[in-house]
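Visitor: There's a structure below that I have some questions on.
The values are calculated or read from the model by the stated rules, or taken from the named source; none is laboratory data. If you're wondering where the values come from, they're calculated on a predicted model, not measured in any experiment. Heads up, the Cβs are rebuilt from the backbone with ideal geometry, glycines too, and the neighbour counts pull from every protein chain shown. Heavy atoms of the whole protein, side chains included, go into the accessibility calculation; ligands, DNA and RNA do not. Shrake-Rupley method; radii C 1.70, N 1.55, O 1.52, S 1.80 Å.
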Amino acid sequence: LEQYRGKWLLVTADPSACGEACAKKLFTIRQIRAGQGQDRERIVPVWLITDDGKVDGRLGAAYNEPYAGVRFLRIDRQVAQQWLPAETGKRAEDTIFLVDPLGNLMMRFPQDPDPKKVSGDLKKLLKVSRIG
């Protein structure tokens, strides 16, 4: 993830067998980034793949395009859970995380958030933030 230092990250962490809920999160983080207008270049949507399984090629075709593409990165599940802890009683897979340009967890959103609300929160945060 070092190559994304200096960027805001919208992160989801799921195993490679990305089901419907996972695919919806990928769609959501891509759309939130695309909706940020000129600030979209400050944001990188990231799918942390928490196992060594094969990723369905259709996911790459659908979400990994250049304009608002989601970056697919592999990470050890334990490392992901330490860096991005879920809320008490929840799983990391049930969460979308916002990480600041310094690598700090800033916010957690439910796996199926209201994209307009998240986008609005992010717009405000980017407006006042001097980093990233």
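Visitor: Among the residues of region 77-122, what is the count of those that are more than 14 Å from Thr12 (Cα to Cα), among the small types (Gly, Ala, Ser) and touching a residue at least 60 places away in the same chain (Cβ under 8 Å)?
Guide: Number satisfying all stated conditions: 2.
Visitor: As an exercise: evaluate Ala21 against (1) part of a helix (DSSP H, G or I); (2) on the phi > 0 side of the Ramachandran plot; (3) among the small types (Gly, Ala, Ser) and give the number of the one condition it does not meet.
Guide: Unmet for Ala21, out of (1) part of a helix (DSSP H, G or I); (2) on the phi > 0 side of the Ramachandran plot; (3) among the small types (Gly, Ala, Ser): (2).
Visitor: Just to be sure, is Lys127 open to solvent by 90 Å² or more (accessible area, probe 1.4 Å), among the charged types (D, E, K, R), over 16 Å from Val11 (Cβ atoms) and at pLDDT below 90? Before the answer, list the steps.
Guide: Details: open to solvent by 90 Å² or more (accessible area, probe 1.4 Å): yes; among the charged types (D, E, K, R): yes; over 16 Å from Val11 (Cβ atoms): yes; at pLDDT below 90: yes.
Criteria met by Lys127.
Visitor: Conditions first: (1) at pLDDT 90 or above; (2) under 24 Å from Met106 (Cβ atoms); (3) open to solvent by less than 40 Å² (accessible area, probe 1.4 Å). Ser16 passes all but one, so which condition is the exception?
Guide: The failed condition is (2).
Visitor: Now, a different point. Looking only at residues in region 86-102 that are modelled with pLDDT of 90 or more and more than 18 Å from Thr28 (Cα to Cα), which one is most open to solvent (accessible area, probe 1.4 Å)?
Guide: Applying the filter and picking the extreme gives Leu102.
Visitor: Anything in region 57-75 that is over 17 Å from Ala13 (Cβ atoms) and open to solvent by 30 Å² or more (accessible area, probe 1.4 Å)? List them, or say none.
Guide: Those that are over 17 Å from Ala13 (Cβ atoms) and open to solvent by 30 Å² or more (accessible area, probe 1.4 Å): Gly57, Arg58, Ala61, Ala62, Glu65, Pro66, Tyr67.
Visitor: Same structure, new question: As an exercise: evaluate Lys7 against (1) under 23 Å from Leu122 (Cα atoms); (2) open to solvent by less than 40 Å² (accessible area, probe 1.4 Å) and give the number of the one condition it does not meet.
Guide: (2)
Visitor: Separate question: Does Arg33 fit the bill of being touching a residue at least 60 places away in the same chain (Cβ under 8 Å) and either open to solvent by less than 40 Å² (accessible area, probe 1.4 Å) or closer than 26 Å to Glu87 by Cβ (or both)? Break it down into steps so the answer makes sense when it comes.
Guide: Values: touching a residue at least 60 places away in the same chain (Cβ under 8 Å): no; either open to solvent by less than 40 Å² (accessible area, probe 1.4 Å) or closer than 26 Å to Glu87 by Cβ (or both): yes.
Considered against the rule, which asks whether it is touching a residue at least 60 places away in the same chain (Cβ under 8 Å) and either open to solvent by less than 40 Å² (accessible area, probe 1.4 Å) or closer than 26 Å to Glu87 by Cβ (or both), Arg33 comes out as no.
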